[in-house]
Amino acid sequence: MTNTVLITGTSSGIGLSTAGYFADRGWNVVAAQRKPEQESVLARRANVLVSRLDVADLASIEEAIAEGVQRFGTIDALVNNAGYGQMGLFEALETEQIQQQFAVNVFGVMAVTRALLPLFRRQRHGVIVNVSSGAGLFTLPMISMYCASKFALEGFSEALSYELAAVGVGVKLVIPHGGVTDTRFVERQSDTMAENRELIDYVPFIEKTRQAFAAMGKARTISALDVAQVIYQAATDGTPQLRYLIGDDSRGFIRARRELSEEDYISFMRTKFQ
């Protein structure tokens, strides 16, 4: 039988590339999007069902799953890709912006996962691939809420992996780091930037941080397709491996986090922004 995957956030970037990559390899794909009426690429493929799914709307999650099962018979894998990065000083953030970051990046992942677990458990098989970030392993200023949401996703996924192994379901974390070239991630960060002109004490720090981010952006080397290939590997390799890193650690953040003492790590990171 042909396997079926449900992928969230497939309108662009990593999600779009991942949907195409699975479909090219013979999988049935439930390509979930908040606004499927705008879809023009995936909808033409016979083995792809473009379905409306808003990770903050439980009814839409349940409907997308039901549509996928009705069309393809079952669902064998879930890729939780939908997410975005809230940028701005923590002090400048509104409460609604903080809550929305977690509503999408954390609670949305949990909601889609929980909705599919009864099916996976009955089947005694399934795999969940959560798309994380290097910002779930190390932190950067001006994206504190994004880092917090990805740290939460890392902890949730690791704990969940122990539980679901008991019922034959795998959990994987794919961790892009160093930036991905062909996504709207940076553009959406700019669109959602939290600013407060009264916080003038931060101005020198903000300027230096923006310069650091600009340099990081120029160093981006991996594509959405590169990430899609690793997501596919994680979903299909049949191993208990939890974390799959994909990217260029030329900045040394991951190496510093894993190899340096706590004191040396914090000192190393602070030199980048102070």
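The values are calculated or read from the model by the stated rules, or taken from the named source; none is laboratory data. Quantities reported herein were computed from a predicted structural model and do not represent experimental measurements. Here the Cβ is made from the backbone with ideal geometry for all residues, glycine too, and neighbour counts use every protein chain on show.
Out of the helices (runs of 4 or more DSSP H) lying entirely within segment 1-104, which hold 1 or more residues that are closer than 27 Å to LEU140 by Cα?
Here the list reads 13-24, 95-102.
Given the criterion assigned to a loop (DSSP other than H, G, I, E, B) and not β-branched (Val, Ile, Thr), identify the matching residue among LEU153, LEU140, LEU116.
Going through LEU153, LEU140, LEU116 in turn, the sole match is LEU140.
Could you list, ordered by first residue, the pairs with Cβ atoms under 6 Å in which the first is in segment 125-151 and more than 29 Å from ALA166 (Cβ to Cβ) and the second is of a type in the set (Lys, Arg), at least 6 apart or interchain?
ALA135/LYS150; PHE138/ARG257
Got a sec? Which helices (runs of 4 or more DSSP H) wholly within segment 208-274 have at least 2 residues that are within 28 Å of VAL5 (Cβ to Cβ) and of a type outside the set (Gly, Ala, Ser)?
224-236
Among the numbered criteria (1) out of contact with any helix residue (DSSP H, G or I) (no Cβ under 7 Å at 6 or more places or on another chain); (2) over 22 Å from PHE22 (Cβ atoms); (3) in contact (Cβ under 8 Å) with a residue 12 or more places away in the chain, which single criterion is violated by GLN86?
(1)
Checking the structure you have, find out if any residue of segment 128-149 is surrounded by 19 or more Cβ atoms within 10 Å (Cβ to Cβ) and under 20 Å from GLN70 (Cβ atoms).
Looking through segment 128-149, none of the residues is surrounded by 19 or more Cβ atoms within 10 Å (Cβ to Cβ) and under 20 Å from GLN70 (Cβ atoms).
Do we find that ALA59 is surrounded by 21 or more Cβ atoms within 10 Å (Cβ to Cβ) and small (Gly, Ala, Ser) in this structure?
In short, no.
Just to be sure before I move on: is GLU67 in contact with a Ser or Thr (Cβ under 7 Å, 6 or more places away or on another chain) and either aliphatic (A, V, I, L, M) or modelled with pLDDT of 95 or more (or both) in the structure I sent?
Here the answer is yes, as GLU67 does meet what is asked.
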